[in-house]
1. Among the listed residues B:362, B:386, B:348, B:373, which satisfies the condition of being over 14 Å from residue B:262 (Cβ atoms), loosely packed, with under 12 Cβ neighbours inside 10 Å and at pLDDT below 80?
2. So residue A:57 passes all but one of these: (1) within 14 Å of chain B (Cβ to nearest Cβ); (2) farther than 29 Å from residue A:139 by Cα. Which condition number does it fail?
3. Pick from the stretch A:77-94 the residues that are more than 14 Å from every other protein chain (Cβ to nearest Cβ) and surrounded by 23 or more Cβ atoms within 10 Å (Cβ to Cβ): which of them is farthest from the chain's Cα centre (by Cα)?
4. Give, as residue ranges, the strands (runs of 3 or more DSSP E) completely inside the stretch A:145-261 that count at least 2 residues that are at the interface with chain B (Cβ under 8 Å from one of its Cβ atoms) and without any contact (Cβ under 8 Å) to a residue 12 or more places away in the chain.
5. Within the stretch B:286-312, which residues are modelled with pLDDT under 75 and assigned to a helix (DSSP H, G or I)?
6. Any residue in the stretch A:313-324 that is assigned to a loop (DSSP other than H, G, I, E, B), more than 28 Å from residue A:38 (Cα to Cα) and more than 9 Å from chain B (Cβ to nearest Cβ)?
7. Among (1) over 28 Å from residue A:327 (Cα atoms); (2) within 14 Å of chain B (Cβ to nearest Cβ); (3) outside any strand (DSSP E or B), where does residue A:7 come up short?
């Protein structure tokens, strides 16, 4: 094995001054959008390591996503959903929830913005009707509990809430969930992400575990599902289990990275059930992960996620590392498989 | 006399009396007659009376004058007051006379003075407002003449009400003005953005509409005319924009087609990315400065024409490319391309310019379509040929393998080759039927089409025939070898009779097999590398999930036991133990759920990492003893987990889960015996059973679960919500 440079990647200058809630690469460039508890949303050019813009909101920003390369959306703890236009430093209010907005997604398939909030609702917005809630709001859909995580693939939307509920929607018919499920994991859901091939989703919990699920409800389809343990540490005969905060799928190989409160980022091959790579430990919890559009860059938010309350912690930082193909490419079987 | 000096009247009287006395003395001296004296005295009296009357008349006239002045003043005062719409300040009350007329006049004069001043002020105000109004009206109507200086103020009505009215009018005009101004600015803005996109000079465009608009600081002309002209200008520019946009999109389309056709390198495309990304954009989506300027359009036009030229020059290359595509398809379908020469000739013709390249291109494309069609009809048979080829390959491999004397030696991957050999044998047995089926299929194909089925230029049927002959030869060879072996066996038996027993080759094989299977080596490794699956827990499956082994394992057992039934028991114990290293269980498998199995899985819990797996050689009873010990231990641990789950709240994120301890550690250390750099070696996922989701009772007493973010944000559920949650 060749020696791998034990680096954590390039650290971005002028990071947020408080916890990082999410970061995402653009689908068109290496621009990186970062939301933070310091009430700011920042736009970086990850390849040039430069801060391109900054917006201040009325509360902590809990999630963000791109619209196109020049605009994006944010979910804010002041209950508000906003649209930002970067090169004009303009912000429009799309509308409001009754409680902090936890997560936000933009669907390229339908051109809608979907937000999930702690007010136990999901709302769909039309970003073009930017002049008022009554014109931009498409629908409000009650959830069994507070929404904790959302993920989209094609027309499918997976909603994970408190109380371990998982609802699967078809964006074309939002009146009721296509499937109502319970999380396979025993503990609170942290993150849910759909497979890029649209056949299922991965779901992580606060108890160092990730479940791999499939949409296909047939017995054959469901027999493929499984769960595995990760982000744990054995110390003095006791296992310390860390929450798995983030999952990010590689856009090309379909393998995925998980980030936990142990500060590690692991890369997994879900089909062959193998761990492909473990990156060197980061200073503190991994709050968010994102692969760039071509999968050559991985942005890692090393930022304390308040799992143990307010306590002194390492400074918040964003690392951008270039991804080696070896680290993410599924490994072929060791010997030609005799099984046909 | 001294007394008379103090009073002039008295003095005058004295003087009059003394004069009269003097007159009497004079008359006495003169001796005037009494009549004369009386007449003279009467005359004197009359003259005195005349003087008195004159003085009285004069005084009377003066009084009348003063009265008139007072009346005039009062009238003026009243007029001013009424004009200003105020109550008269001074109304003379006749009963409350101030005294004589002069005093009265003195009192009224300052009042009138003040009122005049006020009136003057008021008038100035009016003038000011009226001026403003006039100016605004002028600006709005844009009468090109100067403001008329004549300002007529209606003196009769200077009331505050009127002033307010005028002020209101002024305000309305001002509002209108600002509205117009806004409209103009709006128009200017949109004009500016249009000019920006179209790459036109904004100032010039605007100055054409009205010279005042180009000046960023100065006042703008806001007349209706200007606004209409601005709107017209915007409309015009928008039309130009749409025109140019369509032009640009047409160009972009042809650019894309050309790129596609010629595989233009990305760097070259990059320059026009900006243009091509707008191919489907609508008019208002194009906002980038200079996006639709004439420069850009001509720039793109040039590129298109350059590419067009390039395309014609590259036609030859394209033809060659298509040709290679054709050859590729032929190769894949094992067809011999028809008369290459005709194409070669065509290419030469293109070079010499005799034939149009597009014509050749079309021809090749037709050819490709034809070949594809043919390939489709051949596909069925080709698949079969493929299978046959693979089978033949396996056959030759098997022969090779059978010749290898060391084939049963343990080694890395030995069990795989064994498996492969087994498969190959099955396949080889099927070979004759494959060949027969292929032959019949081919001949029917040939009959149907009336042409020979060729495979890389050789007729397939003749290939099959050849193969059959070869096979028969081999068969004979094999028969010969068997006979020889039999002879050897007889020889061996004779030797046995002479020197005592010797292990038969069969027995030898089985003893060899034992150690190979048990030695961790490759097989163990492979097992542990394979991901271990678990069923995500169902409510009632706490124990049973652990107990079910995985299919692969089961299959393996079946096969091995088939090979060598005597080894079965031992092997099963051992292998299930080994499985425990990395697997916790897998549900939904058609295998028995016997409780001992469940406990066996926990066997490795006690084993230290890297300790030899010698238990396979020990007797089975010994192994079960250990297992029983483990049983109890395992039960205890399970018990512990459940209780700990009950007490520990959900909210502690990094808590310890004791059951996972050993499960986790063992596979980590055992699974990969060679991790020099562990981070790059792929590690199996630790798929393990989740403990049954027994909801801890403490849940109801505990607070509602909150995520880290909710706790950090201090988010608390409203009370009515909380209740419903507890019910859930």
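1. Working: B:362 fails: loosely packed, with under 12 Cβ neighbours inside 10 Å; B:386 fails: at pLDDT below 80; B:373 fails: at pLDDT below 80.
After applying the criteria, what remains is B:348.
2. (2)
3. Here the residue is A:94.
4. Values: elements: A:147-153, A:156-161, A:165-170, A:179-182, A:189-194, A:200-205, A:209-214, A:226-229, A:232-235, A:238-241, A:244-249, A:256-260.
Fully inside the stretch A:145-261 and qualifying: A:238-241.
5. B:312 - this is the single residue of the stretch B:286-312 that is modelled with pLDDT under 75 and assigned to a helix (DSSP H, G or I).
6. The first filter runs over the stretch A:313-324 and keeps only residues assigned to a loop (DSSP other than H, G, I, E, B), leaving A:313-316, A:323-324.
Then keep just the ones that are more than 28 Å from residue A:38 (Cα to Cα); that gives A:323-324.
So of that shortlist, the ones also more than 9 Å from chain B (Cβ to nearest Cβ) come out as A:323-324.
Scanning the stretch A:313-324 turns up at least one residue that is assigned to a loop (DSSP other than H, G, I, E, B), more than 28 Å from residue A:38 (Cα to Cα) and more than 9 Å from chain B (Cβ to nearest Cβ).
7. (1)
Rundown of residues vs (1) modelled with pLDDT under 90; (2) surrounded by fewer than 18 Cβ atoms within 10 Å (Cβ to Cβ); (3) not in a loop (DSSP other than H, G, I, E, B), yes/no style:
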| position | (1), (2), (3) |
| --- | --- |
| A:22 | no, no, yes |
| A:32 | no, no, yes |
| A:42 | no, no, yes |
| A:52 | no, yes, yes |
| A:64 | no, no, yes |
| A:75 | no, no, yes |
| A:119 | no, no, no |
| A:122 | no, no, yes |
| A:134 | yes, yes, yes |
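The values are calculated or read from the model by the stated rules, or taken from the named source; none is laboratory data. Keep in mind that this is a model prediction, so the values were computed, not measured. As a convention, Cβ positions derive from the backbone with ideal geometry for all residues, glycine included, and neighbour counts pool all protein chains shown.
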